[in-house]
Amino acid sequence: MGLIARHLEAAGLPTLCMSAAYSITRSVNPPRSVFLDFPLGQTCGRPDDPQERREIMQTALEQMSSLGPGEIFRLPFPFADSDEWKNTVMRPVQNSDGTRQMNDFRTPRLDSPQFQYDADRGAADPKCPSCVFISKD
């Protein structure tokens, strides 16, 4: 995100990155960014709340001209009355047998590419230099 934004800025196109991951955005250092303290995947607000999404987008765009290089503006929209929701995302939990595991319900990462359709598998270019995940055997 930050690399692309810096490239576009160098070409004279102003950019504004929207993020729900403050530490990652800080390390990538885009030219200007807004941060929404919502769960990942809800960078522009809740999917079932078009009014909230409109307000978030309007507030984000209003910040564009006032943000300096590398600044991250924290958008003033709370996800809930408390930050308790953060304790259920990506946190270790203790099982009844005493073992601990991550409270992570994302789709598991696999070493080999996964395709929804066989046609997608056939369309993948095994000689693609940027597709490092495709076996070149």
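Read-outs throughout are calculated quantities, based only on the coordinates presented, and are distinct from any laboratory measurement. These figures come from a predicted structure and were not determined experimentally. Cβ sites come from the backbone with ideal geometry, for glycine too, and all protein chains shown count toward neighbours.
About its Cα centre, segment 2-74 has a charge dipole of approximately 200 debye under the convention of +1 per Lys or Arg Cβ and -1 per Asp or Glu Cβ, with nothing else charged. What the phi angles of segment 65-73 give under the Karplus curve with 6.51, -1.76 and 1.60, with θ = phi - 60°, is a coupling list of 7, 9, 7, x, x, x, 6, 10, 9 Hz, glycine and proline written as x. Counted by neighbouring Cβ atoms within 10 Å, the residues LEU61, LEU36, LEU110 run from fewest to most as LEU110, LEU61, LEU36. Residues whose amide H falls under 5 Å from that of ARG32, counting only those 5 or more places apart or on a different chain, are CYS17, GLY70, with hydrogens built in the peptide plane. Between the residues PHE73, PHE35, ALA5, the greatest Cα displacement towards the positive end of the dipole of segment 1-88, with unit charges on the Cβ of Lys, Arg, Asp and Glu, is found for ALA5.
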